[in-house]
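Novice: Here it is, the structure, as structure tokens.
A short reminder: the numbers here are calculations on the coordinates, not readings from a lab. Only a predicted model underlies this, so the values are computations on that prediction, with no experimental measurement involved. Here the Cβ is made from the backbone with ideal geometry for all residues, glycine too, and neighbour counts use every protein chain on show.
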Amino acid sequence: MAIVSARIMLFATLRKKYGVKDLNVECDGTLFDLIEKASKILGESFFDDVYDKKQGKVRENIIFMINGRNIKDLEEKIEIKDKDVIAIFPPIAGG
Amino acid sequence: MSNGYMRKILRVDLSVGTLNIEPTSEDIAKKYLGGKGYAVYLLYQYLKEYESKGISPADINPLGSENVLIFANGPGTGVPGFPSSGRYHVMALKSPLTGSIGSANSGGEWGPFLKFSGFDAVIVEGVSKKPVYIAIVNGEAELRNASDLWGKNVFDTCRILKKKVGGENTSVACEGPAGENSAHMACIVNDEHRAAGRTGLGAVMGSKKLKAIVVSGSGKVPLAKPDKFKEISKRCLDAMRKNAVTGEGLPTYGTSILINIINTAGGLPYKNWQTGVNPNAEKISGETLAETYLTNRRACWGCTIGCGRVTSVKSGSFQVLSSEGPEYESVGALGSSTGVKELDAVVKANHYCDELGLDSITMGSTIAAAMELNERGYIPKEDLQGLDLKFGNAAALVECIWRTAYKAGFGKYLALGSKKLCEIYGHPELSMSVKGLEMPAYDPRAIKGIGLNYATANRGGCHVTGYTVVPEILGIPEKIDPLKPEGKAKWVKIFQDFTCVVNSTVNCLFTTFALSAKDYAELLSAVTGWNLTENDILRIGERIYNLERVILNKYGFDGKDDTLPRRLLKEAMPEGPAKGHIVELEKMKDEYYRLRGWINGVPTLEKLKELEIEI
Ligand code: SF4
């Protein structure tokens, strides 16, 4: 599989916890690999914060967006492409 | 009369100087709960009475003696353990900004303290000859001279009156210079920084020469089933503490944490809604606020969430010793929509809005509209008198605010709100408003459901009438695609109805991130002793929404007014994830009217009958 480079942006408590706003991550184009590679940089707890191993998917209350689209709204197979911007938010709200 | 109520309403006629105490009606309360619902019912009776006297709705001058202002709390307000119940609702027969029903809601302490002072509501009629304030202390009310307070700002008025009236649980709701000068977006502010912001009710108060209402008392709200209530309250408060949003997200970051996510979704209005992507969003975000000017947080009375921000700007040109906010909507309007990227200027602008008594949403949106008018060359230079109204000009933003409050120079045009401002300069399409009320910071080209809500919201461009951003962006209680118009009507209707219940309870809408209509039914049943089901309370909400709509119809608003600014319907979003999108409003609206049982924005007689609304 071709290696792609994506930019991950962290917000709110995730940003505070890991002390970074954004980072570039190289992965094989799958969501799982992206998160795993990011956790190699940020620390193992990042994987658990974002991914639910039991369910085999991104945690229910994490808002995970690829180029501004929430992955829950994407009908096509999720694939990370070169230069994609990934925004990850913990549960937040306002109004 | 049932429990949950103080069983008394104060009716003040400022023209003759009388204060009368009337019983709260159990029949009305059972049908309309309290707060907004009760006020809507009373306002409709005023309209009917005026019509019987030959005064048509169109004849009502929003700044005249015939306008009526109603402050109301509900059965949940001020009950210890009732989730986030430190709020009140205030309504007017006619808003100076929109020409239709006026409606606003505020937190702080004033709502519960009105209850502790012994009243469920205060109705204000007429116009006083000289400035007055109403003092309500432990069941007694009187009119007092406020000549020495006229001209004073909100902070001074709150401080002086709180000291003067003294006593336990004392709180002041007042208008500031903007209200005295009839700026159409003047708001009512209580406890210094909590605003009943929308629809210009501060101007109504100012026109009545009513500077403030001070409430104070040590009353307790009677409960029907205290033990049962304790049990349900504990369950609900636990759920709120455990909920990721109400237990952590809102307390930690407040509402402006939304800036980055809404911008990422392509829906953060930038430069008067020319696009939904702000390249400087990060600079004005909740994360940046937390790292820079945030000093503390503050909760409204009895609230376990505590979303309020305490801020301070210690250096630079926009210093503020101590302030509260800005909230997400204030940052959206005063910052993003004006293109201002200096967060300290936004904090200062927001602080001025509180100090002078201005609605930050309409204020920011009106300045943004003026900036676009100016950049397109539609405002003659002489009108601006040296004001450099360009997008991104932080100093101009701050200057516009005090100019508006005092109607100084160009401020006299700004004080009319964006709709009238844009009409004066020949380009009404540049006002980002619905029914005369400026829309908050969500571009519906990127979040379709909120577009249907803006179009159909009774008070005009309002997000909290039916806040579908919750499922569309935040995915609560389930995720729906913001870019699809399909299926949005049912969400809009249910959110609008449920919000009426919240605003009539009266407590905070943010509880609904964690609590359901069923929780509300159980809480309210234990407080009042009525056996309310989830369906019962949603039906009450629907009834309130429909009666409010009947009032709108009387002012001549119907389906033609349930619309959006041309920009959102015709100009495709130029960039971001919603690139190429417009709002497919008609499609959503048809489905919405069908679900509501309305024809062209008007409830059918069958619908009114079904909801037991007597007209
Ligand atoms: S959540 Fe915020 S606005 Fe609502 S009652 Fe609590 S502090 Fe006030």
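Novice: From other protein chains only, count the Cβ atoms within 10 Å of every residue's Cβ in B:236-245, then give the mean.
Specialist: Across B:236-245, the average partner-chain Cβ count within 10 Å equals 2.
Novice: Could you sort the peptides B:206-214, B:22-30, B:551-559 by per-residue average Cβ neighbour count (10 Å cutoff), highest mean leading?
Specialist: So the peptides B:206-214, B:22-30, B:551-559, ranked by packing, come out B:206-214, B:551-559, B:22-30.
Novice: Helix-only mean residue ellipticity at 222 nm, chain B, DSSP H runs n ≥ 4 weighted -39,500 (n - 2.57), per residue, nearest 500. What is it?
Specialist: Helix contribution divided over all residues of chain B: -11000 deg cm²/dmol.
Novice: For the range A:53-92, list residues with backbone N below 12 Å from a point placed 7 Å from the Cα of A:F32 toward its Cβ?
Specialist: A:53-58
Novice: Modelled label-to-label distance, B:R376 and A:I41, 7 Å Cα→beta-carbon offset: nm?
Specialist: Rounded to a tenth, the inter-label distance reads 4.3 nm.
Novice: Given a Förster radius of 45 Å and the C-beta distance between B:E429 and B:E168 as r, what FRET efficiency does 1/(1 + (r/R0)^6) yield to the nearest 0.05?
Specialist: My answer for the efficiency is 0.30.
Novice: Right, another one. Assign unit charges at the C-beta atoms only (+1 for Lys and Arg, -1 for Asp and Glu), then state the dipole size of chain B relative to its Cα centre in Debye, rounded to the nearest 20.
Specialist: For this selection, approximately 420 debye.
Novice: Placing one identical point scatterer on every Cα of the range B:121-209 and ignoring solvent, what is log10 I(q)/I(0) from the Debye formula at q = 0.19, 0.22 Å⁻¹?
Specialist: These q points yield log10 I(q)/I(0) values of -0.86, -1.17.
Novice: Could you check how many percent of all C-alpha pairs in the range B:441-610 are farther apart than 21 Å?
Specialist: Value for the range B:441-610 (Cα pairs over 21 Å): 48 percent.
Novice: May I pose another question? Would you mind checking which residues have amide H under 5 Å from A:Y51's amide H? H placed 1.01 Å from N; only 5 or more apart, or other chain.
Specialist: Amide H neighbours of A:Y51, under 5 Å, 5+ apart: A:R59.
Novice: Considering every residue in B:249-261, what mean count of other chain Cβ atoms within 10 Å of its Cβ is obtained?
Specialist: Shielding by partners across B:249-261 averages 5.
Novice: Right, another one. Going through the range A:1-68, which GluC sites (Glu not before Pro) have at most 16 other Cβ atoms within 10 Å and a DSSP loop state?
Specialist: In loop regions of the range A:1-68 (DSSP not H, G, I, E or B), the sparsely surrounded GluC sites (Glu not before Pro) are A:E60.
Novice: Another question about this same structure. Cα-Cα pairs above 35 Å in the protein assembly as shown: how many percent?
Specialist: Pairs farther apart than 35 Å: 40 percent.
Novice: State whether the range A:4-89 is rounded, prolate or oblate according to the following rule on the C-alpha gyration tensor (a ≥ b ≥ c being the square roots of its eigenvalues): a/c under 1.5 gives rounded; otherwise a/b larger than b/c gives prolate, and the remaining case gives oblate.
Specialist: rounded
Novice: A further question on this structure: Mind checking the range B:329-406 for trypsin sites (Lys or Arg not before Pro) that DSSP puts in a loop (not H, G, I, E or B) and that have at most 14 other Cβ atoms within 10 Å?
Specialist: The qualifying sites are B:R376, B:K390.
Novice: Here's another thing I want to ask about it. Once you have the alpha carbon radius of gyration of chain B, what is it after dividing by 2.2 N^0.38 Å, with N set to its residue count?
Specialist: 0.88
Novice: Would you kindly state how much longer the chain becomes between B:R566 and B:K53 on full extension, computed as 0.36 nm times their sequence separation minus their alpha carbon distance, in nm to one decimal?
Specialist: Full-extension gain reported as 180.7 nm.
Novice: At what distance in nm do the modelled label points of B:R159 and B:K490 sit from each other, each positioned 7 Å from its Cα along Cα→Cβ?
Specialist: Between B:R159 and B:K490, the simple spin-label model gives 5.5 nm.
Novice: Treat the count of other C-beta atoms within 10 Å as a stand-in for reagent exposure and order B:T18, B:T511 from fewest to most.
Specialist: B:T18, B:T511
Novice: Right, another one. Order by neighbour count: B:M205, B:M588, fewest other Cβ atoms within 10 Å first, most last.
Specialist: Listed from fewest to most nearby Cβ atoms, that is B:M588, B:M205.
Novice: Going by how many other beta carbons lie within 10 Å of each one, how would you line up B:W530, B:W301, fewest first?
Specialist: Listing B:W530, B:W301 from fewest to most nearby Cβ atoms yields B:W530, B:W301.
Novice: OK, next. Based on C-alpha coordinates, I'd like the Rg and Dmax of the range B:448-517, in Å.
Specialist: Considering the range B:448-517 through its Cα atoms, Rg and Dmax are 11.3, 33 Å.
Novice: Each label point is 7 Å from the Cα along the Cα-to-Cβ direction; what then is the distance between the points at A:R7 and B:E614, in nm?
Specialist: Modelled inter-label distance: 6.4 nm.
Novice: Which entries of A:K21/B:K390; A:K37/B:K341; B:K48/B:K115; B:K493/B:K560 show an alpha-carbon separation above 22 angstrom in the structure shown?
Specialist: Over 22 Å apart, Cα to Cα: A:K21/B:K390; A:K37/B:K341; B:K48/B:K115.
Novice: Could I ask something else about it? If you average over every viewing direction, what projected area does the convex hull of the Cα atoms of the range B:326-457 give, in nm²?
Specialist: 7.4 nm²
Novice: A further question follows. Tell me, what is the percent relative contact order of the range B:256-437, built from C-alpha pairs under 8 Å that lie six or more residues apart?
Specialist: Here the relative contact order equals 18 percent.
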